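Data block below; observations after.
The values are calculated or read from the model by the stated rules, or taken from the named source; none is laboratory data. Note that the structure is a prediction, hence the values are computed from the model and not measured. Positions of Cβ are backbone-derived with ideal geometry, glycine not excepted, and every protein chain shown enters the neighbour counts. Just so you know, the surface numbers come from the protein's heavy atoms only, side chains and all, with ligands and any DNA or RNA stripped out. Shrake-Rupley method; radii C 1.70, N 1.55, O 1.52, S 1.80 Å.
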Amino acid sequence: MINQEDHPSSFFFSPVSIQEITQGNLCQYRHTASIHTIVFDSRKLIGDNHHHTMFIAIQGDHHDGHDYISFVYGQGVRCFLIEKEFPALQILVPEATVIQVSSSIKALQALAQAHRKKFSIPLIAITGSNGKTIVKEWLSQCLATSYYVIKSPQSYNSQVGVPCSVLPMHEKHQLGIFEAGISQPGEMQRLWHILRPSVGIFTNIGSAHDAYFISQTQKIKEKAHLFQNCKTIIYCQDHQLIHHVLQQQYSVHQRMAWSYQKSSQAVFIVQKISTAYGTTDITIRYHGDQHTFRLPFQEASLLENAIHVLVCCLILYPSMVARLPSLLYTLQPVAMRLTLKEGMHGCYLLDDTYNNDFVGFVAALEAMLPYARKEKMVILSDMLQTGWSAALLYAKVAALCRKYGVRYGIGIGPLISEHRACFTGLDFQTYTSVDHFLKEMPLLKDRFILIKGARVFALEQVVDALQKKIHHTVLEVNLKALIHNFYFFRQKLKRSTQLMAMVKAAAYGSSTFEVAQLLAYHQVDYLGVAYTDEGILLRKKGIRLPILVMNVTPFCFEKVLTYDLTMQVYSLALLKVLDIFSKKHAQPMAIHLKIDTGMHRLGIAANEFTAVLKILQENAYIQTVGILSHLASADLPSHDDFTHAQAQKFLDAVCFFEKRLQKTLLKHLLNTAGIIRFPAYQWDMVRLGIGLYGVGVDTMVQKDLRVVNTLKTIILQIKSIPANVTVGYHRKGIVMQAMTLAIIAIGYADGLSRSLSDGQGKVWVKGAIVPIVGYICMDTCMIDVTGIPVEVGDEVIIFGETYDVFLGAKAQNTIAYEVFTKMSDRVKRVYITA
């Protein structure tokens, strides 16, 4: 939602002016009120006053906004922008104004373009394959001390994200910092028309979206369209392809290149880099002058991003030179995502502590929507450099809290404390500083808490104080990646085919509730669990979706009934016991029949059909709603004949029961591999399992999926080991030559298999793949980090994006399923939500 009522009055368009700007057709004109708020996600309609709201219906890959017009109208919205014809508008939305355009996204861009033209402020635009968001955030951190900055929230750099970022611009903003990304030719020109930047930064070039471009040169040229009319273009000249393209397209006066090469003709030369104790000193030469700055990290990618920021500040804001050293030294690797963490006393924490701008606050409140089944609470620091009076600012903050259902709040800082009276209707406490809060910290129980603060307040101390104490090994679950995978498979389905998400085995190690809650928000049709207790947990936490329990025993019938679960009936014996139980309790119980079509695991055999049918026909309490089977080798082309045979046996079973029960059953056969390889067998529903968590059936599918689970730990100690000694239990690790050994905080009690001991397994640290040395211990293991500049506390990846889970599974002679599901409960799950 882009809500201009939360900002000074700058975005006011009448429906007629919107029609003119978008070159649309005014199909129906009933509502004449000016528009201040734009919504294109019906789930984000908050509050009950939508008099000045327009709903833009976007037809996307996963959802069609036109399907929600009736719902949105029912919520009080009376202005719509659509891209499909609706012949019965007078019946569907009789009191609404409706504008039809050829493309809703292009119309949104046209509105943003018209809004941007109202303001003549300088604008810095950042593009490149990687680093856009961190450069934007760091620039904002440095420049927001002197200017009132508007910037893209999070990673809003797409064809929809950029216009959404621009629409909150108002007359008090002094500087814009935006990122722009593309995936296909032609897209950057549209973004340029919106942004019209005066300064451009090109971070780097990588392989992302290569499939849509003839070459990397073509992709660079496309990205460089962003810099039309820029007075200054900043980039690293050592990226030769970027340098070559920019040389061709832009003059020497526009190009402000920098380089690590002392012989380079670049404007800025990095003369010297020295590292020590986790910091880096950079000496940079510019027009004969030399400046030295200290940065609080050593990673090469972070250094390159920081130099972009440094060069930008030196060129555009030379008056900042004296303050730059202190500003740059406070830069930290920014978590470009909201992180959901488990707190103490039943709380969940949404960690967004890297900044506290107003637009980001709105985005963070919206990010709470899928998860907040508990009482909502915010912990906020003072908001700095907003351009508003403190009284107006905190009145708006309080209004947003009330609008998004936040009942409790804590303010930290002198300004918010002074304006506590603004937060009427909230249980709101204030503290003058973080230290003050930590000294008098109240007991917080069963809350969903957003923690958002400006860097200077160091609210990460508050997160640390409230977070459930854990050891240093965590499983990072990227929920945004999971939803990407969910929609990747959903778009493979017919519109009539439902999708069941399997969240059994703690959602393949990711944790059942958090995954189920997010999937419910994204309108999954069914959830599948292995055991009754898993279904009960979801019901107790408020999940109301249909839940199919795969492995029910007679001892669980009572709980299945109590918690309104659907059970899979996989044998005649189980059905006989259910027959007795259901008649005794005289209450309906929904079931799906599991048919054995060749897997020879659980399932009803063909010779049992008649006996099963007799019970179902004679027992009115057993409600057969579905029928399923499971494919044994859907992922192996060599077994396709067997898979087709299974499908035929399943169809025979379906015909047998549907004909005799005289009802249509919900039919589902396909698993993850089946969805990809056998679309003809989708029928009424499919069951998505391991694919949801980023594991595909082949390399072609795998490249379209995103990594969900990252298992990481830290280095506890570093030792220099001489040659001809041994390491670990039973002296298993034999050191043939001098070695630097790191002890890391993970062992077999965390789920790291002992079969990975002594070089069989490897891990990722500081950009290198290194072997495990000796036997894996219960709580720790040792790795060889010889020649790698590591320090105590450095992060080590066991598997994730940098080190594929398939490599670890292969080393253990197993599959990714087992690696995910064997992780111990003591490995804390941390959830990345944006």
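Here is how the numbers come out for the structure above:
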| item | result |
| --- | --- |
| Answer from Glu801, Glu791 - the residue that is under 29 Å from Gly691 (Cα atoms) and either open to solvent by 10 Å² or more (accessible area, probe 1.4 Å) or outside any strand (DSSP E or B) (or both) | Glu801 |
| Members of segment 266-307 found to be loosely packed, with under 14 Cβ neighbours inside 10 Å and under 14 Å from Pro325 (Cβ atoms), listed by number | Thr279, Asp281, Gln290, Thr292 |
| Qualifying positions in segment 138-182 - out of contact with any strand residue (DSSP E or B) (no Cβ under 8 Å at 6 or more places or on another chain), within 22 Å of Pro325 (Cα to Cα) and not small (Gly, Ala, Ser) | Trp138, Gln141, Cys142, Thr145 |
| Selection count, segment 710-733, where residues are touching a Leu at 6+ places or on another chain (Cβ under 6 Å) and within 24 Å of Thr821 (Cα to Cα) | 1 |
| Answer residue from segment 807-820, given it is under 17 Å from Thr672 (Cα atoms) and either basic (Lys, Arg) or surrounded by fewer than 18 Cβ atoms within 10 Å (Cβ to Cβ) (or both) and is modelled with the lowest pLDDT among those | Tyr817 |
| Test: Ile194 is open to solvent by less than 10 Å² (accessible area, probe 1.4 Å) and under 16 Å from Lys106 (Cβ atoms) | yes |
| Residue that is farthest from Ile307 (Cα to Cα), among those in segment 246-268 that are of a type in the set (A, V, I, L, M) and in contact with a strand residue (DSSP E or B) (Cβ under 7 Å, 6 or more places away or on another chain) | Leu246 |
| Unmet criterion (only one of (1) more than 27 Å from the chain's Cα centre (by Cα); (2) open to solvent by 50 Å² or more (accessible area, probe 1.4 Å); (3) charged (D, E, K, R)) for Lys106 | (1) |
| Hey, Lys649 open to solvent by 40 Å² or more (accessible area, probe 1.4 Å), touching a strand residue (DSSP E or B) at 6+ places or on another chain (Cβ under 8 Å) and in a helix (DSSP H, G or I) or not | yes |
| Restricting segment 67-80 to residues that are within 28 Å of the chain's Cα centre (by Cα) and open to solvent by less than 60 Å² (accessible area, probe 1.4 Å), the residue that is farthest from Ser102 (Cα to Cα) | Val72 |
| Criterion violated by Gly751 - all others in (1) surrounded by fewer than 20 Cβ atoms within 10 Å (Cβ to Cβ); (2) at positive phi; (3) touching a helix residue (DSSP H, G or I) at 6+ places or on another chain (Cβ under 9 Å) satisfied | (1) |
| Pair list, Cβ < 9 Å and 6+ apart or interchain, from segment 32-60 residues that are free of Cβ contacts under 8 Å to residues at least 60 places away in the same chain and assigned to a loop (DSSP other than H, G, I, E, B) to residues that are acidic (Asp, Glu) and buried (at least 19 other Cβ atoms within 10 Å of the Cβ) | Ala57/Glu83 |
| Breaking point among (1) more than 27 Å from Gly186 (Cα to Cα); (2) within 22 Å of the chain's Cα centre (by Cα); (3) open to solvent by less than 10 Å² (accessible area, probe 1.4 Å); (4) small (Gly, Ala, Ser), for Ser42 | (3) |
| Any hit, segment 405-425, residues being open to solvent by 40 Å² or more (accessible area, probe 1.4 Å), in contact (Cβ under 8 Å) with a residue 40 or more places away in the chain, within 22 Å of Glu366 (Cβ to Cβ) and of a type in the set (D, E, K, R) | no |
| Where Leu338 falls short, out of the listed (1) modelled with pLDDT of 80 or more; (2) closer than 20 Å to Leu139 by Cα | (1) |
| Filter result for the condition that a residue is under 23 Å from the mean Cα position of the chain (by Cα) and buried (at least 19 other Cβ atoms within 10 Å of the Cβ), over Val701, Val727 | Val701 |
| Sole exception among (1) more than 24 Å from Leu548 (Cα to Cα); (2) assigned to a helix (DSSP H, G or I); (3) modelled with pLDDT of 85 or more for Ala680, by number | (1) |
| In segment 655-674, the residues that are among the β-branched types (Val, Ile, Thr) and modelled with pLDDT of 95 or more | Thr664 |
| Single match in Gln271, Gln265 (criterion: in a loop (DSSP other than H, G, I, E, B) and not hydrophobic (A, V, I, L, M, F, W, C)) | Gln265 |
| Residue in segment 521-549 that is farthest from the chain's Cα centre (by Cα), counting only those that are within 18 Å of Leu593 (Cβ to Cβ) and open to solvent by 20 Å² or more (accessible area, probe 1.4 Å) | Pro546 |
| Checklist (1) touching an Asp or Glu at 6+ places or on another chain (Cβ under 7 Å); (2) open to solvent by less than 40 Å² (accessible area, probe 1.4 Å); (3) β-branched (Val, Ile, Thr) applied to Val654, failing item | (1) |
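To keep it simple, each residue is scored yes or no on (1) modelled with pLDDT under 90; (2) surrounded by fewer than 21 Cβ atoms within 10 Å (Cβ to Cβ).
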residue	(1), (2)
Gln429	no, yes
Lys452	no, no
Val462	no, no
Gln467	yes, yes
Ala481	yes, yes
